[in-house]
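Accompanying notes for the structure given below.
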Amino acid sequence: MTTAGSQSDPRTTDEFIKGLWRDNPVFVQVLGMCPVLAVTNTARNALAMGLATMFVLVMSNIVVSSIRNFIPKQVRIATFILVIATFVTIVDYVIQAISLDLHKALGAFISLIVVNCVILGRAEAFASKNKIVPSALDGLGMGLGFTFALLCLGVVRELLGSGAIFGVHVFPDRYQDWVIMILPSGGFFTLGAWLLVFNAIKKRKANAAGTAKEAA
Amino acid sequence: MSEMTTLAPPEVPTWRMYRAMVGIGLLCGLLIVSVFQLTTPIIAKNRAEALQKAVFEVLPGAASSKTFVREGDRFVPLPDGASDSPGVGEERVYAGYDQGGALVGVAIEAEGMGYADVIKVLYGYGFDQSAIVGLKVLESKETPGLGDKIEKDPAFRENFQALDVSLDGSGKAASHPIEVVPHGTKTSPWQIDAITGATISSKAIGGLLGKSTAYWMPILAPRRGDFEESR
Amino acid sequence: MNQDPLWTIFIGACLINNFVLAYFLGICPFLGVSGKIATASRMGAAVTFVMLVSSVCAFGIQILLTQIGAPYLKLISFIAVIASTVQLVEMFVKKMSPALFRALGIFLPLITTNCAILGLALFQTNKGYGIAQCLVYALGAGAGFTLALVLMAGLRERLELVRVPDVVQGTALTLMVAGILSVIFMGFAGLGG
């Protein structure tokens, strides 16, 4: 056991890091788009949604990973969905207990975490094949990556749309709010723009690698 | 179907599938029910606090509140321990009292179609003034920057500090139905001064208030005693 | 019980609060299968069909759950029913009309993770619709989804032949176009009043 643990050490750190950047669920895999667009009109909502999703992701990964040997293959997906739906229901009640205003702002999108493809995807592709600790780290990394992406959108949309970040005004009063950024269309534009940035970075890296190869 | 084509996965006995599903089902059920039990009292408390805050907001001067249920043409206090959400066909109003325990007014929920989606409001009715004395938008998806001024615009909110909804001699209809007039042309206490650039949202508020008061006032106005006696 | 007239519900679900462009539900198929008008319209038809069926099921479940007083089971039973509905519909279509199955086949399993279906079930219970209102709501939502998908597919078919900088290609471009479509759909607001 100890050798297996030490062997997988560099790998486990990798499980954690990959979700943040290289395999970022939103910017690279383009998964789970609905909440990304819908609840990012303020940074606060984006953060809350990201944390809720992360909680469900980590918990469902842990549970799926710990029961992976007892579950016959045929009823696999059904059990995964059951587990995920359970944790989403829990999150729903906990958020209601913490803040009703937040619950109202996120609305049906808390329940809709169930159908977020990222969660079922990680349960099926990773947690059902790996030990508990790497699965938990994978969930944590993917969850953080998701939260990071939501915050990227939330901060930009709130800053331009209401001149504030986390409700604190940063622009002088004469700043004219870009109302469109808070409206649904602003979500599409902002996400499109972020994808542009990521594509440009990728392109530049690929070009640099290409020229390096040529030089060598 | 996949077992038919690929022979690789070994036959799994049906009871194992049942065992797995039932086991997971039990575990999930246990988790959900315990969280539900833990959070329900907190959620109920939050709801009650939010409602009370809204009631105080639309009934200036109120320091305590009490929920009433309509029974035919009278109002009775909500029995203790009743569910915090109204049942089917049950109609609730919220009475507010000042520090001395005197009745300030009654808060009523109303809703109607706005520009984008349904607008829900809570308004306070003062018996002394026969007027709406406060309004709070509970839910709206009006366009930010334009329609959502119904929530923030101070000039518009001033309309609801004393909006006349008194009944005419018959006691069945308003003496002056609520009217929405163009910005800056308000002359009478039953008129609402609309917001420029948010005409439809302003009209929606006027419309839903008109409908709600037409329904409630004939029932509510003569029953002041119901709310005072129970103190 | 909600008193909204049926036609307001239809217009509301289809145009004003379009599930894709205003509520952001069903973005995955919207980005994924909006390449060709033919596939887009079939996907739309499949989603509308499943919406109608699961809307009725969700209505029944809601009544049952209120009867036994277990609101905390709402989400689990909705998702279970939607998943099984999709399976049933798939088997049924396969048996009854192989031609239709070939046309819809690959899209049906995808619908299970389509948040528009679950969203519809949740919204209709939140709004307290009766059975006729539920059906009209489902029909409107499905029509709106199909409309958004077909419009998008039409635009993307044109865009295929346009030369754009290569960083813009792919999802980024689709999102920009979707943003513009969403601005256009904002113009429908106010129709329901």
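Any read-out appearing in this document is the output of simple, stated calculations on the displayed coordinates, not a laboratory observation. None of these values were measured; they are calculated from a predicted model. Cβ: placed from backbone, ideal geometry, glycine included. Neighbour counts: every protein chain shown.
Remark: region B:86-139 projects, on average over all directions, an area of 5.0 nm² (convex hull of Cα atoms).
The Cα atoms of the protein assembly as shown cover 91, 59, 55 Å along the three principal axes, with the biggest extent listed first. Take chain A and mark each of the trypsin sites (Lys or Arg not before Pro) that is in a DSSP loop with at most 15 other Cβ atoms within 10 Å; the longest unmarked stretch, sites excluded, is A:23-128. At most 12 other Cβ atoms within 10 Å and a DSSP loop assignment: could you name the trypsin sites (Lys or Arg not before Pro) in region B:130-172 that fit? Loop-located and lightly packed - B:K172. For B:D117, the amide hydrogen comes within under 5 Å of the amide hydrogens of B:K141, counting only partners 5 or more places away or on other chains and with H modelled in the peptide plane. For chain B, the longest principal axis of the Cα atoms and the long axis of helix B:14-58 meet at an angle of about 10 degrees. Note on region A:17-128: Cα-Cα pairs beyond 19 Å make up 45% of the total pair count. Residue pairs exceeding 21 angstrom between C-alpha atoms, taken from B:K66/C:K127; A:K203/C:K36; A:K129/A:K202; B:K53/C:K74; B:K152/C:K127; A:K18/A:K202: B:K66/C:K127; A:K203/C:K36; A:K129/A:K202; B:K53/C:K74; B:K152/C:K127.
Overall form of chain A: oblate. Here a/c, set by the Cα gyration tensor axes a ≥ b ≥ c, is 1.5 or more, and a/b is not larger than b/c. The aspartates and glutamates within cross-link reach of C:K94, meaning a Cα-to-Cα straight distance under 20 Å and a gap of 8 or more places when in the same chain, are B:E3.
With kT/(6 pi eta Rh) evaluated at 10 °C and eta = 1.306 mPa s, and Rh the Kirkwood radius from Cα pairs, region C:6-188 diffuses with a coefficient of 93 µm²/s according to Stokes-Einstein.
The longest part of chain A holding none of the exposed loop chymotrypsin sites (Phe, Trp or Tyr not before Pro), meaning those outside H, G, I, E and B in DSSP with at most 14 other Cβ atoms within 10 Å, is A:71-165. Mean residue ellipticity, 222 nm, helices only, chain A: the sum of -39500 (n - 2.57) across DSSP H runs of n ≥ 4, divided by residue count and rounded to 500, is -22500 deg cm²/dmol. Only one residue of B:T187, A:G145, C:G69 has its Cα farthest out toward the positive end of the dipole of the protein assembly as shown, where Lys and Arg carry +1 and Asp and Glu -1 on Cβ, and that residue is A:G145. When exposed loop sites are taken as trypsin sites (Lys or Arg not before Pro) in a DSSP loop with at most 16 other Cβ atoms within 10 Å, the longest stretch of chain C clear of them is C:37-162.
In plain terms, the chain from B:H183 to B:R16 could stretch by 52.9 nm, reckoned as 0.36 nm per residue minus the Cα-Cα distance. For chain B, the longest principal axis of the Cα atoms and the long axis of helix B:199-220 meet at an angle of about 80 degrees. Between A:A209 and B:E111, the modelled label-to-label distance comes to 5.3 nm, taking each label 7 Å out from Cα in the direction of the beta carbon. Compared with the dominant Cα axis of chain C, that is its longest principal axis, helix C:131-159 is turned about 10°. For chain B, modelled as a GNM whose springs connect Cα atoms under 10 angstrom apart, the maximal fluctuation among B:A20, B:A95, B:A131 occurs at B:A20.
Here is what passes the span test in chain A: the DSSP H helices with alpha carbon length of 20 Å or more along the helix axis and a Kyte-Doolittle mean of -0.5 or above are A:43-66, A:76-98, A:132-162, A:184-215.
Remark: the Cα gyration tensor places region B:115-166 in the prolate category, a/c being 1.5 or greater and a/b exceeding b/c. Fraction of C-alpha pairs exceeding 28 angstrom in chain B: 44 percent, rounded to a whole number.
In this rough spin-label picture, where each label sits 7 Å from Cα along the Cβ direction, the C:T66-A:S99 distance is 3.2 nm.
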